[in-house]
Amino acid sequence: MTDLVGLLGFLLPVGIVLLLFLSGVRIVNEYQNGVVFRLGRYVGLKRAGFRWLIPFVERMVIIDLRTVARDVPPQDVITRDNVSVKVSAVVYFRVIHADKAVLQVEDYLYATSQLAQTTLRAILGQAELDQLLSDRERINREIQRVLDAHTDPWGIKVSNVEVKHIDLPPEMQRAIARQAEAERERRAKIIAAEGEHQAAEKLAMAADVLSRNPATLQLRYLQTLVEITTGGNHTILPIPLDILRAVGAMHGSAEQREEQNDESVESNLVQ
């Protein structure tokens, strides 16, 4: 009996010490940091691995150092040109100083989310609708820069901000569609005009080449007749080009004589 009491008297203190030791054991993962407080005072950081704290004296707050992606809820924004839109975004950030994330802000996740919402409304309110739709990369960089500057005292690094969706009013969507249609019609007309201009230049060059040798014009005339006859049943009466030139010359001389007669009549009336 005495031996049993002695054994219990030995095992009880050992068990209490073992329980106290185990109660102070902490395991910190590679992607975490532990912020240690001793009697309410900050005493340092615990890195990844096996860590032991003084039971009932020290307390450790685990902070995740991995990148966090947070959705920014859709925000009602009025642009600089007075267009009401609803914009949603996503923010990517991570904690780089675990002690600041605990000591400088109550809840760094909630604070960063709220700051992202207000910054999104402020930055987009300074841009026009066309800039918001076409210059999204610059707007993303501006929001990221402002957020990073405001969260730096909290030990947080904002790595990226992406505007995900822009919800336009139906009447604005119709206006943009009409504008895009008008732009496409303008481009089509410009392309057609450029094609006519190039075709006219090529025809002028071809006419200049053909005029240097009358035989080439005769060959082109015959080739055109062949192309017409291959398209179906046609009856064609080929007329030599010499006859056409003679008729043209006669017509030109007749017009010239008429002009001379008109001039003589006018001169007689004046006299």
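Model label points for ALA177 and LYS189, set 7 angstrom from Cα along the Cα-to-Cβ axis, are 2.3 nm apart.
Taking 51 Å as R0, compute the FRET efficiency from the Cβ-Cβ separation of ILE54 and ARG145 and round it to 0.05. According to the calculation, E is roughly 0.75. Charged side chains reduced to their Cβ positions (Lys and Arg at +1, Asp and Glu at -1) give segment 100-188 a dipole of some 200 debye around its Cα centre.
On the beta carbon distance between LEU39 and GLN117, with R0 = 51 Å, the FRET formula returns roughly 0.85. Protein-only accessible surface at a 1.4 angstrom probe places the residues GLU183, GLU171 in the order GLU171, GLU183, largest first. Packing-based ranking of 57-64, 93-100 yields 93-100, 57-64, ordered from highest to lowest mean Cβ neighbour count within 10 Å. Compared with the alpha-carbon gap, the fully stretched path from LEU103 to VAL90 is longer by 2.1 nm at 0.36 nm per residue.
Surface calculation, 1.4 Å probe, protein heavy atoms: LEU65 sits at approximately 40 Å² accessible. The listed residues TYR92, TYR110 rank as TYR110, TYR92 when sorted by accessible area, largest first, using a 1.4 Å probe. Here segment 125-151 is scanned for amide nitrogen atoms under 19 Å from the site 7 Å beyond the Cα of ILE78 along Cα-to-Cβ, giving 125-132.
For PHE21 and ASP152, the difference between the fully extended length at 0.36 nm per residue and the C-alpha to C-alpha distance is 43.4 nm. The separation of segment 23-60 from segment 141-188, counted between C-alpha centres, amounts to 43 Å.
Residue ranking by accessible heavy-atom surface, 1.4 Å probe, largest first, among GLU30, GLU128 comes out as GLU30, GLU128.
The values are calculated or read from the model by the stated rules, or taken from the named source; none is laboratory data. The model shown is predicted, which means the values in this text are computed figures rather than measured ones. Neighbour counts are summed over all protein chains in view; Cβ atoms, including those assigned to glycine, are modelled from backbone coordinates with ideal geometry. Keep in mind that these areas ignore ligands, DNA and RNA; they rest on the heavy atoms of the full protein, side chains included. Shrake-Rupley method; radii C 1.70, N 1.55, O 1.52, S 1.80 Å.
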